[in-house]
């Protein structure tokens, strides 16, 4: 008797206010990606260039929330992904983008667009096509419930691999000693 065909997990990923380093760590899984691709399929992701997220088993989000579009994408992922994973320091605590949180947004915009060298008398962008900046950068868990966190800046490929293999085996992801790094 043939073994039952196992349904692939549908996975979506996105990068919000961050550096894309967590996606690079994902790619650092190297040849294990071939094994992983036997068990998962990507929906919305920079790996697929799909722009809309469909119904998914797992959503992985790197980066914090710095504008209204980031919040919209996060809420869309939460609504369509059964399991949501925050990956990296920016998603978990705001990371480097949150360094602006001790300054007021109007002061930042004035400094960047009106007083920097070569920009005297510049204008602060005010186009409806641009996402509205938030007053502060927020971690993901301040807006939606997050099921799992993969800490690091960026997390190691081994930590990402461990979370996937735990999820695929039906276990709770467990990042023990040695898998969490902050470089």
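Just so it is clear, none of the values below were taken in a lab; they were calculated from the coordinates. Just so we're clear, the structure is a prediction, and the values are computed from it rather than from any experiment. Here Cβ is always computed from backbone atoms with ideal geometry, including for glycine, and neighbour counts include all displayed protein chains.
When residues of the stretch 16-27 are filtered for being buried (at least 16 other Cβ atoms within 10 Å of the Cβ) and either part of a helix (DSSP H, G or I) or over 16 Å from the mean Cα position of the chain (by Cα) (or both), how many remain?
Within the stretch 16-27, the first condition is being buried (at least 16 other Cβ atoms within 10 Å of the Cβ), and the residues that meet it are 16-19, 21-23, 25-26.
Next, only the ones that are either part of a helix (DSSP H, G or I) or over 16 Å from the mean Cα position of the chain (by Cα) (or both) stay: 21-23, 25-26.
The qualifying residues number 5.
Looking at (1) farther than 22 Å from residue 45 by Cα; (2) in contact with a helix residue (DSSP H, G or I) (Cβ under 9 Å, 6 or more places away or on another chain); (3) part of a helix (DSSP H, G or I), which is the only condition residue 122 fails?
The number of the failed condition is (3).
Is one or more of the residues making up the stretch 88-108 out of contact with any strand residue (DSSP E or B) (no Cβ under 8 Å at 6 or more places or on another chain), assigned to a loop (DSSP other than H, G, I, E, B) and crowded, with 16+ Cβ neighbours inside 10 Å?
No: zero hits.
Quick one: in the stretch 45-65, which of the residues that are more than 14 Å from residue 10 (Cα to Cα) and in a loop (DSSP other than H, G, I, E, B) is nearest to the chain's Cα centre (by Cα)?
We begin by selecting, within the stretch 45-65, every residue more than 14 Å from residue 10 (Cα to Cα); these are 46, 49, 51, 61-65.
Retained after the next criterion (residues that are in a loop (DSSP other than H, G, I, E, B)): 46, 49, 51, 63.
Numbers: 46: 11, 49: 15, 51: 15, 63: 5 Å.
Only one residue fits best here, namely 63.
Among the residues of the stretch 137-178, which ones are surrounded by 14 or more Cβ atoms within 10 Å (Cβ to Cβ), assigned to a loop (DSSP other than H, G, I, E, B) and touching a helix residue (DSSP H, G or I) at 6+ places or on another chain (Cβ under 9 Å)?
Selection gives 139, 143, 144, 146, 151, 152, 153, 154, 155, 156, 173, 175.
Would you be able to tell me the number of residues in the stretch 75-87 that are surrounded by fewer than 16 Cβ atoms within 10 Å (Cβ to Cβ) and either in a loop (DSSP other than H, G, I, E, B) or touching a strand residue (DSSP E or B) at 6+ places or on another chain (Cβ under 8 Å) (or both)? If you could, list the steps in order and put the result at the bottom.
Restricting attention to the stretch 75-87, the residues satisfying the condition of being surrounded by fewer than 16 Cβ atoms within 10 Å (Cβ to Cβ) are 75, 79, 82.
Of the ones still in play, those that are also either in a loop (DSSP other than H, G, I, E, B) or touching a strand residue (DSSP E or B) at 6+ places or on another chain (Cβ under 8 Å) (or both) are 82.
Number of matching residues: 1.
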